[in-house]
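Data block below; observations after.
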């Protein structure tokens, strides 16, 4: 799937049939870890919201949205089409994300989910104005690659996560992102962030007690013959390093376009709660009539959002 251009209409945006059709960098090892950490939390009745800083075209957001429990809130913060407020950030946005639009993110997300997450369009530095402190159980930081911004994102997320919350930092090993590496390891050395594990692209940590998570993760890894791992010592604490090049991806949400082509209704991720988003707080949704389902499946995303908004107004 190619990224959309600025002059494409909603009707012309690509229609992803699978998560792999959504452009972005979200590899098997990280999909497996996202799935494991979120499942570990839910299996132990750990409650809290989900947060993503930096969404690109929505690949990891679509994955996270399928793993919300009823009553939880998913917030996505990204500049999208908004201009950055400083020259260096504007230069990075223009170089790396020239085709990025909020419309493309929404179209991709609504291909897999009935409702959008809570979207904060702006710099990640404003996220604390929109998310309550100590409310987030899982946070994914993948916004700016500049040291000052990443450092600020880490400090903000530290106040937002629960005591047992998990934070994931993207690109901490990429050679073109030394600022991310500096901010990540500074948080480990000076800000109390405990490393849990690393993949080729992401760092996983917690400000809570790391031992239960490490022990449970190691037990799971030992049961998986398709995931290579080792344990190293960093600053006197164990750090798990893993690779999943030959592993199978976890279950993905099914696109409504793929479901429509196969003549069946969209499926939920196996083993996950069926309720999603704000409507889950008010109980199970009524089944759509066939004509309404057909309209939602094939109308442009902009029209779909209008239908969803109208439904909310009538509740």
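Each value in this text was obtained by applying a stated rule to the coordinates, not by laboratory testing. These numbers come from a predicted model, not from an experiment. With ideal geometry, Cβ positions are generated from the backbone for all residues, glycine too; neighbour counts draw on all protein chains shown.
What FRET efficiency comes out for the pair residue 182/residue 245, r = Cβ-Cβ distance, R0 = 35 Å, nearest 0.05?
The value I calculate is 0.80.
Can you tell me the length gained on complete extension of the stretch residue 174 to residue 191, counting 0.36 nm per residue apart and subtracting the Cα distance?
Between residue 174 and residue 191, full extension yields 3.9 nm more.
On full extension of the chain, what length is gained from residue 209 through residue 126, given 0.36 nm per residue of separation minus the C-alpha to C-alpha distance?
Computed gain between residue 209 and residue 126 is 27.1 nm.
Using a 10 Å cut-off around each Cβ, can you sort 245, 59 from fewest to most neighbouring Cβ atoms? Provide the component values of the computation, followed by the final result.
Numbers: 245 11, 59 23.
Sorted ascending by nearby Cβ count, the order is 245, 59.
Taking neighbour counts of Cβ atoms within 10 Å as a proxy for exposure, in what order, fewest first, do 20, 60, 124 appear?
20, 124, 60
State the extension gain, in nm to one decimal, for the chain segment bounded by residue 233 and residue 20, taking 0.36 nm per residue of separation less the distance between their alpha-carbons.
Stretched fully, the residue 233-residue 20 segment lengthens by 73.2 nm.
Take the alpha carbon atoms of region 97-140, find their center, do the same for region 150-194, and report the distance between the two centers in whole angstrom.
Centre-to-centre (Cα) distance: 19 Å.
Just the projected area, averaged over all directions, of the convex hull on the alpha carbon atoms of region 14-254: how many nm²?
Directional mean of the projected Cα hull area for region 14-254 stands at 12.4 nm².
Work out, in µm²/s and without decimals, the Stokes-Einstein translational diffusion coefficient of region 159-219 at 10 °C, 1.306 mPa s, Rh from Kirkwood over C-alpha pairs.
After rounding, the answer is 132 µm²/s.
Would you mind ranking 113, 252, 130 so that the residue whose beta carbon has the fewest other beta carbons within 10 Å leads the list?
So the residues, fewest neighbours to most, are 130, 252, 113.
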